Each structure stands twice: as structure tokens, then as C-alpha cells.
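Here is the structure we will look at.
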Amino acid sequence: MDGNFNKNDLERVVSADKAHVWHHLTQHKPFETGEPRIIIEGKDMRVWDQNGKEYIDAVSGAVWTVNVGYGRKRIADAVHAQLMKVCYFANSGGSIPGALFAEKLIDKMPGMSRVYYTNSGSEANEKAFKMVRQIAHKKYGGKKTKILYRDRDYHGSTLAAMSAGGQDERNMQYGPFAPDFVRVPHCMEYRKHELGLEHLSGREFGIAAANQIEDVILREGPETVGSLCLEPVTAGGGVIEAPEGYWERVQEICKQYNVLLHIDEVVCGVGRTGTEWFGYQHYGIKPDFVTMAKGVASGYAAIACMVTTEEVFAHFKDNPDDKLNHFRDISTFGGCTAGPAAALENMAIIEEENLLENCTVMGERMMGNLQALMEKHEIIGDVRGKGLFLGAELVTNRETKEPADEKDVMAVVADCGAQGVIIGAANRSIPGRNNVLCFSPALIATAEDIDAITDAVDKALTKVFG
Ligand code: PLP
């Protein structure tokens, strides 16, 4: 850790933080008696706090973001050079990195053709929602305005994104929400009894789970449903990959009822699931909208994208009879050039260092380690995920699948932190029952890093649960 900040400076930082910063998703009481953790430096997979304590970051900046790791000089240099040339101009015009990153992105996304720049995942999702609504008004007499979203999925923190939010812990007390957002059931095989589908497994279960979406479309009236918004692998809802057969059937249903398919890649995008650039590409999905944010520039600059097809774009093309036919929307910071400049370097690093492959190999190693922990610790009911995007669900009874007490789960997270490994917990579908340990190390992780993470989890589970 470099010594630019002396002890007195850091004490001032801590007291300024305690006095004035309103932290995200956090109860502040512990800060009144203790100290917030302030990360003051990062390099590769490791970060250091204000006390000089070193951690392995097993969650890429806490929320699945820093895919290429910390301290990448070439990204910082590219951003610096771009900012010295021109930092900003509204995206009603163009920029050099904006054009080049869009070209590079589309090259990785066969079937897609247009990139709309925004500055957060929530906002990217809202752009797609607005396009669905505008298409409904232009083409379907204002009828196909309904947007379907899934139980357990999350699409952001703004009110319309929350209207599409399937995690009750995040939504409670923030209603009323926007109209014409309709929830569909999830497809989580581990908890299929909640869907009344416990008698089915594998592909049969996948198809039946997708059919529950069709039931909702038929109930609402297909002529009212404009789009279906889904995470390819659910993140904060508990790290859930869909079962075999599911995506095939979802696409048939969308086609049959003329429903646009919106895939939220905010977490899965840009390599997180290994081998492929995007989560949806593992499952043969042909989306109409893809939204992405976190890993696009690995947190080196704020950038998010809403990507769509030429067919969707065609709805908004100039029309001499209708001067207001275009997408009448702007995102001020969608014109920042630092985002695409950083994103170009981020993607080049992933390519040059073969990080999609490393993610797959290290993801398999981590999955193997977690499966071994499941044999040892009765409290682990399920391990799942894809690439370096994994979860371990803690249950007090493997038969009934009763979620472990959140206090105990957080004690495991805290003990890992004390050992110098930062992990996370999720499953915000049941308020106060976050019982899934989450792991999403940077795509540069080595076998030693992975083993160090799972060793810490092993020790923490033994300490908390015996
Ligand atoms: N979509 C998913 C799947 C997410 O996990 C998140 C954030 O965690 C978002 C959207 C919202 O992104 P942002 O926080 O950048 O608005």
C-alpha cells in the first residue's frame, strides 16, 4: 500500500465519512460505534482498507463489477488521454471512443446492431422499457404496453426499474410502482416446490417453468404484452441458472405472442459467466434488447449500454409524416467519453489475456471446491452458478430447505472478512432472509486465489455452524 495518506489524513477521512456519507444498501448503526471499511487501494484481485488490512476481493468490488481487476494502467492511461482530448459532448452527436466501442461490442453480439449509451444499469433498462412503450403506441394503438418481469430478478433502483423488480426486500415501502409491469414466476429448480412443480425435473421442469410465463400472457391478454425482461442468470435473487429447456420454450412463447425479449446482462455481461461474452450466448437466445453495465468498463468509468436490433431501431427511423417519430430520450452522461474509452481497453484486456477461458477454468475449480464444502457442511443445501459467478445456498434443513438465519449468514461473511476475504450474500426475494453466499472474483483469478477464498469460507462455516 503506498503511503500518500498519513495516519492523520486517514482519521479525517474516516470521520468525514461517518459524518457525511450515506452509504448504499447499509444500516448505519454499526458505523456509529465502529468504522466503515474504506477501501483506499486495489491491485489485481486485492484491496487494502484504511488500516492497511489486505483482502482478496472475491466479489469484484462488492457488486460483480471489477472484471479485469484493479490497477490497470492501460485503462487509466486511455481514459486520461481521452479526457485531455475531449471529456464530453452530448450523445446527440458522436465521439471517437463511442463509435469504436459500439463497433467492437456489436462484433461480439451477432444479430444486434445499435448501442444506446447511458450511465447505469437501471437507466439502460428504463431505455428498453420506454422503447417498448413507444412501439406499443406507434404500432399497436397503445395496447402492447405491459412489461413482464420475473420473481427474484432485479433490474435496478429507479422507480420504473423497481416496478420490474422481483425482490420484495428491495421493493417494500417504495410503492406505488409504475402501472403495466406484471410479475411472472421464476424457474429455480432447487425451490421448484414453490412453483408447484416438484414432480418434474431437468428439461421437463424447464419447459413447465417457462409455460408458467405463457399462463400469465394468456391471463393478461397477449395483445397487451409488449416485452419480457429476464436476467440470463439471476444475480442478487440468489445466483440462479435456468434449467435445460427453459430458454428454448421462453423464445417460442415470445415468438408466438409477439413479445419482445429483453435480456438484462448488467451482471452477466462482458465475460462474467466464462467462454462467452454474454450470459445469453450460452443458451442460444436471440434477444431484442440487451442491457449491460457493471463489467463493461470494470468500474474504471461509469458506462452502461442498451443494445438492440435493426428491427427495433427501424421503428424509430425518420418519418416525414411524423416529426416526433424518433426516440425522444437523452442521458446526459451517456455523452461522457471516459466510459467507452475505458470499455475499449477493458475488452482488449479480456481478449489479450484470454480471460473468458480463465473464467471458465477457474469457475469450474471454484464450483468443485464449493461442492466439496457441501459434502463437509450440512448447512450448504445447494451450490450453483456459471463461470466466476457462483452461489452457495445455506439451509438449516436439506429436506425442508428452510433458509439459514440471515444473522448466521452475515456472521460467515464477517468471519471471511476478518480472515481477509471479501464475499457477499444475496437472495433478496424473502425480506431479511439473505441466505446465499455469493462469489464473483475478477476474471484474472488464479487457482491459489480460488483455493484461498474457499478455504476461508470453510473455516468461517466451521466457526459459525460447527
Ligand atoms: N440489473 C441487474 C441484474 C443488477 O444486478 C443491477 C445492479 O445490481 C442493475 C440492473 C442496476 O444497475 P445499476 O445499479 O447500475 O443501476
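The values are calculated or read from the model by the stated rules, or taken from the named source; none is laboratory data. In this text, all values refer to a predicted model and were calculated from it rather than measured experimentally. Every residue, glycine among them, receives a Cβ derived from its backbone with ideal geometry; neighbour counts consider all protein chains shown.
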CYS438 crowded, with 23+ Cβ neighbours inside 10 Å and under 28 Å from VAL184 (Cα atoms)
yes
TODO: Check segment 305-326 and report whether any residue there is assigned by TED's automatic domain parsing to the domain that holds MET112, crowded, with 24+ Cβ neighbours inside 10 Å, within 15 Å of the chain's Cα centre (by Cα) and not charged (D, E, K, R).
DONE: yes
Does segment 33-56 include one or more residues that are in contact (Cβ under 8 Å) with a residue 12 or more places away in the chain and within 16 Å of the ligand (Cβ to nearest atom)? no
Quick check on segment 75-84. Is at least one of its residues out of contact with any helix residue (DSSP H, G or I) (no Cβ under 8 Å at 6 or more places or on another chain) and surrounded by 17 or more Cβ atoms within 10 Å (Cβ to Cβ)?
no
Residue set ALA136, ALA128, ALA90, ALA124; condition more than 16 Å from the ligand (Cβ to nearest atom), assigned by TED's automatic domain parsing to the domain that holds ILE330 and crowded, with 20+ Cβ neighbours inside 10 Å; output residue ALA136
Just to be sure before I move on: is LEU228 surrounded by 15 or more Cβ atoms within 10 Å (Cβ to Cβ), in the same structural domain as VAL290 (by TED's automatic domain parsing), within 16 Å of the ligand (Cβ to nearest atom) and outside any helix (DSSP H, G or I) in the structure I sent?
yes
Taking segment 256-279 and the residues there that are buried (at least 24 other Cβ atoms within 10 Å of the Cβ) and either among the polar types (S, T, N, Q) or free of Cβ contacts under 8 Å to residues at least 60 places away in the same chain (or both), the one that is farthest from the ligand (Cβ to nearest atom) would be THR273
Considering segment 241-279, residues that are among the polar types (S, T, N, Q) and either outside the structural domain of ASN125 (by TED's automatic domain parsing) or outside any helix (DSSP H, G or I) (or both), and then whichever is farthest from VAL132 (Cα to Cα), we arrive at THR275
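Let's see how each residue does on (1) part of a helix (DSSP H, G or I); (2) under 24 Å from VAL63 (Cβ atoms); (3) over 24 Å from the mean Cα position of the chain (by Cα):
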site	(1), (2), (3)
ALA136	yes, no, yes
ARG183	no, yes, no
HIS199	no, no, yes
PHE205	yes, no, yes
Expected single match for at pLDDT 95 or above and either among the polar types (S, T, N, Q) or away from the ligand (no atom under 16 Å from the Cβ) (or both) among GLU214, GLU241 is GLU214
Every listed condition ((1) within 23 Å of ILE444 (Cα to Cα); (2) in contact with a Gly (Cβ under 7 Å, 6 or more places away or on another chain); (3) among the aliphatic types (A, V, I, L, M)) holds for ALA78 save (2)
Per the filter on segment 231-240, residues touching a helix residue (DSSP H, G or I) at 6+ places or on another chain (Cβ under 6 Å) and in a loop (DSSP other than H, G, I, E, B) are PRO232
By residue number, the members of segment 163-172 that are touching a residue at least 12 places away in the same chain (Cβ under 8 Å) and either surrounded by fewer than 20 Cβ atoms within 10 Å (Cβ to Cβ) or near the ligand (Cβ under 9 Å from one of its atoms) (or both) are ASP168, GLU169, ARG170, MET172
Within segment 280-334, restricting to residues that are touching a strand residue (DSSP E or B) at 6+ places or on another chain (Cβ under 8 Å) and farther than 21 Å from MET131 by Cβ, the one that is nearest to the ligand (Cβ to nearest atom) is ALA302
Conditions (1) away from the ligand (no atom under 12 Å from the Cβ); (2) surrounded by fewer than 21 Cβ atoms within 10 Å (Cβ to Cβ) -> ALA160 fails only (1)
